[in-house]
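Visitor: Please see the structure below; I have some questions.
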Amino acid sequence: MKKTQQGFTLIELMIVVAIIGILAAIAIPQYQDYVARTQVNRVLGEISALKTAIEENLMRGNDPSGLDVNDDLGFTDSNLINGGVPAVTVDNTGVGAVTATLGNQASSGIQGATVVLNRNAAGVWECDAAAGAASSWKDAYVPAGCEVE
């Protein structure tokens with residue numbers, strides 16, 4: 001009577017574990033880069049929503065830097081920005097910036113990085129992103145349309 005195989009050999013199991021280890025070593029850093037990139041893009045999207053409110057207040061003759069970001073400009077707190085809200089320094093001449101420093105629940109490697117929307121007197125908005133105090137910032141995290149500062 002012949003015995004049939006009833007399971008995997010130790011060598012087969014070790015090969016499977018080695019393959020999984022190799023795949024994990026490649027996939028985890030790629031996933032962390034993906035998360036960091038999406039978080040920087042999300043912060044840019046959140047602060048970009050303030051441009052309309054700032055422009056409206058400038059047209060009404062208000063000084064946006066003196067307004068409450070939540071109540072007057074309609075910003076909803078973000079769990080990726082230090083303090084939950086960006087700093088608005090656009091004065092009544094229209095020159096200034098909206099600055100968001102990543103923190104709170106942002107990926108640990110990008111905490112301390114900044115995303116800045118600058119506005120000049122001609123009404124043109126420009127985006128800059130910088131490493132700031134981020135420990136593992138990569139220029140690849142900078143959203144399309146932004147410049148590395």
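Here, each number is a calculation from the coordinates, and none is a lab measurement. All values reported here derive from a predicted model rather than from experimental measurement.
Visitor: For the chain, what does -39500 (n - 2.57) per DSSP helix run (n ≥ 4), summed and divided by total residues, give at 222 nm, in deg cm²/dmol to the nearest 500?
Guide: Computed mean residue ellipticity for the chain: -11500 deg cm²/dmol.
Visitor: Rounded to two decimal places and with Rh computed the Kirkwood way over Cα pairs, what is Rg over Rh for segment 4-46? Please report the intermediate quantities before stating the final value.
Guide: Working: Rg = 18.8 Å, Rh = 13.2 Å.
Using Cα coordinates only, the ratio equals 1.42.
Visitor: A further question on this structure: Apply the Karplus parameterisation 6.51 cos²θ - 1.76 cosθ + 1.60, with θ equal to phi minus 60°, to every residue of segment 17-34 and state each ³J(HN,Hα) to the nearest whole Hz, in sequence, with x for glycine and proline.
Guide: For segment 17-34, the Karplus-derived couplings read 5, 5, 5, 4, x, 5, 4, 5, 5, 8, 6, 5, x, 5, 5, 5, 5, 4 Hz, x marking Gly and Pro.
Visitor: Non-local amide H neighbours of A133 (under 5 Å, H modeled in plane, Pro and chain starts lacking H): which ones?
Guide: Sorted by chain and number, the residues that satisfy this are A113.
Visitor: Convex hull over the alpha-carbon atoms of segment 68-108: what's its volume per residue in Å³? Kindly include the intermediate steps, with their values, before the conclusion.
Guide: Numbers: hull volume 2.4 nm³, N = 41.
Convex hull of Cα atoms, per residue: 59 Å³.
Visitor: Per the Kirkwood treatment, what hydrodynamic radius in Å, one decimal, follows for segment 43-128 from the mean inverse distance over all distinct Cα pairs? Mind showing how you got there, number by number?
Guide: Values: mean 1/r = 0.0777 Å⁻¹.
Here the Kirkwood hydrodynamic radius works out to 12.9 Å.
Visitor: Another question about this same structure. Full-extension gain between N41 and A140, please, as 0.36 nm times their residue separation minus the C-alpha to C-alpha distance.
Guide: 34.5 nm
Visitor: Can you give the three extents of the C-alpha atoms in the chain along their principal axes, from longest to shortest, in whole Å?
Guide: Here the spans come out as 96, 28, 22 Å, largest first.
Visitor: Using each residue's phi in segment 88-102, evaluate 6.51 cos²θ - 1.76 cosθ + 1.60 at θ = phi - 60° and report the 3J(HN,Hα) Karplus result to the nearest Hz, with x for Gly and Pro.
Guide: Ordered by residue, 3J(HN,Hα) equals 10, 10, 7, 8, 6, 8, x, 9, x, 8, 10, 10, 10, 9, 6 Hz.
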